[in-house]
1. Between residues in the range 135-148 that are more than 12 Å from Phe181 (Cβ to Cβ) and residues that are surrounded by 14 or more Cβ atoms within 10 Å (Cβ to Cβ), which pairs lie under 6 Å by C-beta distance while being six or more apart or on different chains?
2. Would you pick out the residues in the range 143-169 that are among the polar types (S, T, N, Q) and surrounded by 20 or more Cβ atoms within 10 Å (Cβ to Cβ)?
3. Taking Val146 as the residue in question, decide whether it is at pLDDT 75 or above and over 11 Å from the mean Cα position of the chain (by Cα).
4. Have a look at Leu137, Leu167, Leu161 and point out the one that is within 30 Å of Glu230 (Cα to Cα) and not aromatic (Phe, Trp, Tyr).
5. Among the residues of the range 238-270, which ones are farther than 12 Å from Leu217 by Cβ, in contact (Cβ under 8 Å) with a residue 40 or more places away in the chain, of a type outside the set (A, V, I, L, M) and not in a helix (DSSP H, G or I)?
6. Please state which one of Lys180, Lys172 is surrounded by fewer than 16 Cβ atoms within 10 Å (Cβ to Cβ), farther than 27 Å from Phe247 by Cβ and outside the structural domain of Ile262 (by TED's automatic domain parsing).
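The values are calculated or read from the model by the stated rules, or taken from the named source; none is laboratory data. Note that the structure is a prediction, hence the values are computed from the model and not measured. With ideal geometry, Cβ positions are generated from the backbone for all residues, glycine too; neighbour counts draw on all protein chains shown.
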Amino acid sequence: MQEGTEEIKEIIQEDIWGSIKDFLNLGIHLGEGEKSIHLTIGLLLLLIFSIVVTKVIMKWLRSLFTRKMDQEDKRRFSSVFKFINYVIYLAVVLITLSAAGINITLLITASAALFVGLGLALQELFKDILGGIFIILDKSLQVGDVVNIEGRVCKVFEIKLRTTRALTRDDKVMVIPNHKFISDTVFNHTQNHSTTRENVQVGVAYGSDVELVTKILEEAASEQRQVLKEPKPFVLFRDFGDSALLFSVHFFIKDSFGDLKIKSDIRYAINTKFKENNITIPFPQRDVHIFQNLKPQSNKP
């Protein structure tokens, strides 16, 4: 019995396990001693196994952290999680290579110049990614926000890790690098709430009834359906201009993205009411004074 058991062990160790080891050691062997690199089937299988296990663990952690989040927060977290995945996968690959006996210090040292070059070339990309992470984490920008960036008013409809996409008033898609929201001054019309205060300015001729002008401006704004009833529109007598008395009517709306159409309708209404009440909108006027310098005539004969 003992002899039979020993023979079985010997067969397993030398034949079966030996064949498996030989198969796993198949691959590319470079160098000798400490600086040798062995790219074998066993190393490849170990890498695949490590990545699969890491993927399962990361998926479980993702579900654990997002199970109590709403759908909007889940989308934001997913963008950050993708960036974290890349870093963790890289760390797993390096640790696996090190555990397999490969000196990763040599790989890092040999690739140092490449990493520096990539870092310089991709610094804008890294800035965009970091900007996207900050935007998602501190919620300084959300889908549906109306922002003014580089003189353009647009509505955000998608926030990604590197770029943000927004729709302009011309119905064109504007792709904005995320670092713009970190380094530049950006006006967010809807950061605090959806209601914004807008205004329309107009000038009337000197001698006009300012009380009547104020009443007409308030009516022109209040009659528009998009203008909120509360807070009520109000009028400011802004200044005595060179050629006109300057007024502005202020009103509150919920659609700041479509304020151009609302302001246009109010201007149409103001123009119509001014004509009905004989109120003139003057054009700039200038007085030109001509001085003629005449030389006195000589009295000599």
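1. Val143/Val156; Val146/Lys155; Val146/His189; Val146/Thr190; Val146/Ser256; Val146/Phe257
2. Thr164
3. So Val146 fits the description; yes.
4. The unique qualifying residue is Leu167.
5. Asp242, Ser243, Phe252, Lys254
6. Lys172
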